[in-house]
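Asker: Once you've had a glance at the structure underneath, I'll fire off some questions.
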Amino acid sequence: MSKKWYVLQVITGREAEVKNLLECQGYKVLVPLTTKLIRRKGCWHKSLDIVFTGYVFIKLNYNWTDYYNICKCRSVIKILGGGYAPVPLSDNEIMNVRKLDMLRFISKAKFDSNGNMIPLSGILSEFKDCLTSVKRRQKRAVIELEIAGKKARITVPFEEII
């Protein structure tokens, strides 16, 4: 049986700690990060933030030994989908999550004469069909993806090319 990706719910703010603990046990763990653009005192600053706060993605061949090793790890609340037979992410869902790791790089976009966004590079060009709203002045766009059977709205920063 091949390894599959599952979602762990963890205490918010402890995602990096859980990732380190599980990687030390030999698991492959993913915590997608994003670079956010924040305006402070008239200047734009970049900061690194977690895309899915409170969640960690883990690749494993699910069995009871893994279940107990993961659940006894500090700050892990549960495996989404239940302890008996959690539902792994589909291949399409995990591909989307892995693409979201590109959020570390800020997307480039330009606007046409009607004010419509034209994504040029980065995550926005990958998910231009999933774009739901754009806040041009705040340099943020929102994409909507399905992850673990639920719709997730993700805010994506962008830089405007003139």
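The values are calculated or read from the model by the stated rules, or taken from the named source; none is laboratory data. Keep in mind that what you see is a predicted model, and the values were worked out from it rather than measured. Positions of Cβ are generated from backbone atoms using ideal geometry, with glycine treated the same way; all protein chains shown enter the neighbour counts. Quick note on the areas: whole protein, heavy atoms, side chains included, nothing else; ligands and nucleic acids left out. Shrake-Rupley method; radii C 1.70, N 1.55, O 1.52, S 1.80 Å.
Asker: Identify all residues within the range 132-154 that are out of contact with any Phe, Trp or Tyr (no Cβ under 8 Å at 6 or more places or on another chain), in a strand (DSSP E or B), more than 14 Å from LYS110 (Cβ to Cβ) and without any contact (Cβ under 8 Å) to a residue 24 or more places away in the chain; write none if there are none.
Answerer: Just the residues of the range 132-154 that are out of contact with any Phe, Trp or Tyr (no Cβ under 8 Å at 6 or more places or on another chain), to begin with: 132-135, 137-138, 142, 144, 146, 148-151, 153-154.
Cutting the leftovers down to in a strand (DSSP E or B) gives us 132-135, 142, 144, 146, 150-151, 153-154.
Imposing the further condition that a residue be more than 14 Å from LYS110 (Cβ to Cβ) reduces the set to 132-133, 135, 142, 144, 146, 150-151, 153-154.
Residues satisfying the conditions are THR132, SER133, LYS135, VAL142, GLU144, LYS150, LYS151, ARG153.
Asker: Since LYS139 meets every condition but one in (1) under 26 Å from ARG40 (Cα atoms); (2) loosely packed, with under 15 Cβ neighbours inside 10 Å, which condition does it not meet?
Answerer: (2)
Asker: Yes or no: PHE57 closer than 21 Å to GLU146 by Cα and assigned to a loop (DSSP other than H, G, I, E, B)? Talk me through it step by step, then tell me what you get.
Answerer: Numbers: closer than 21 Å to GLU146 by Cα: yes; assigned to a loop (DSSP other than H, G, I, E, B): no.
In short, no.
Asker: For ASP49, which of the numbered conditions (1) open to solvent by 40 Å² or more (accessible area, probe 1.4 Å); (2) under 19 Å from the mean Cα position of the chain (by Cα); (3) farther than 17 Å from LEU103 by Cβ fails to hold?
Answerer: (3)
Asker: Closer than 26 Å to LYS150 by Cα and either assigned to a strand (DSSP E or B) or among the small types (Gly, Ala, Ser) (or both): is that true of LYS36 in this structure? Working first, answer last.
Answerer: Values: closer than 26 Å to LYS150 by Cα: yes; either assigned to a strand (DSSP E or B) or among the small types (Gly, Ala, Ser) (or both): yes.
It is true that LYS36 is closer than 26 Å to LYS150 by Cα and either assigned to a strand (DSSP E or B) or among the small types (Gly, Ala, Ser) (or both).
Asker: For the range 153-162, indicate whether the set of residues that are touching a Leu at 6+ places or on another chain (Cβ under 8 Å), of a type outside the set (D, E, K, R) and open to solvent by 20 Å² or more (accessible area, probe 1.4 Å) is non-empty.
Answerer: Yes, there is a match, as at least one residue in the range 153-162 is touching a Leu at 6+ places or on another chain (Cβ under 8 Å), of a type outside the set (D, E, K, R) and open to solvent by 20 Å² or more (accessible area, probe 1.4 Å).
Asker: Kindly indicate which of ILE162, ILE143, ILE154 is modelled with pLDDT under 85 and either in contact with a strand residue (DSSP E or B) (Cβ under 8 Å, 6 or more places away or on another chain) or within 15 Å of VAL51 (Cβ to Cβ) (or both). Write out each step before concluding.
Answerer: Details: ILE143 fails: modelled with pLDDT under 85; ILE154 fails: modelled with pLDDT under 85.
Being modelled with pLDDT under 85 and either in contact with a strand residue (DSSP E or B) (Cβ under 8 Å, 6 or more places away or on another chain) or within 15 Å of VAL51 (Cβ to Cβ) (or both) holds for just one of ILE162, ILE143, ILE154, which is ILE162.
Asker: Residues to consider are LYS41, LYS19; find the one that is buried (at least 18 other Cβ atoms within 10 Å of the Cβ), without any contact (Cβ under 8 Å) to a residue 40 or more places away in the chain and not hydrophobic (A, V, I, L, M, F, W, C). Don't jump to the end; show me each part of the working.
Answerer: Details: LYS41 fails: buried (at least 18 other Cβ atoms within 10 Å of the Cβ).
One residue alone meets the criteria, LYS19.
Asker: Tell me, which helices (runs of 4 or more DSSP H) lie completely within the range 62-126 with 3 or more residues that are in contact (Cβ under 8 Å) with a residue 60 or more places away in the chain and surrounded by 13 or more Cβ atoms within 10 Å (Cβ to Cβ)?
Answerer: Working: elements: 64-71, 91-100, 123-126.
Those helices (runs of 4 or more DSSP H) span 91-100.
Asker: While we're here: When the range 114-133 is examined, which residues are found to be small (Gly, Ala, Ser) and within 20 Å of MET95 (Cβ to Cβ)? It would help to see each step written out before you state the result.
Answerer: Pass one, the range 114-133, residues small (Gly, Ala, Ser): 115, 121-122, 125, 133.
Correct list: SER121, GLY122, SER125.
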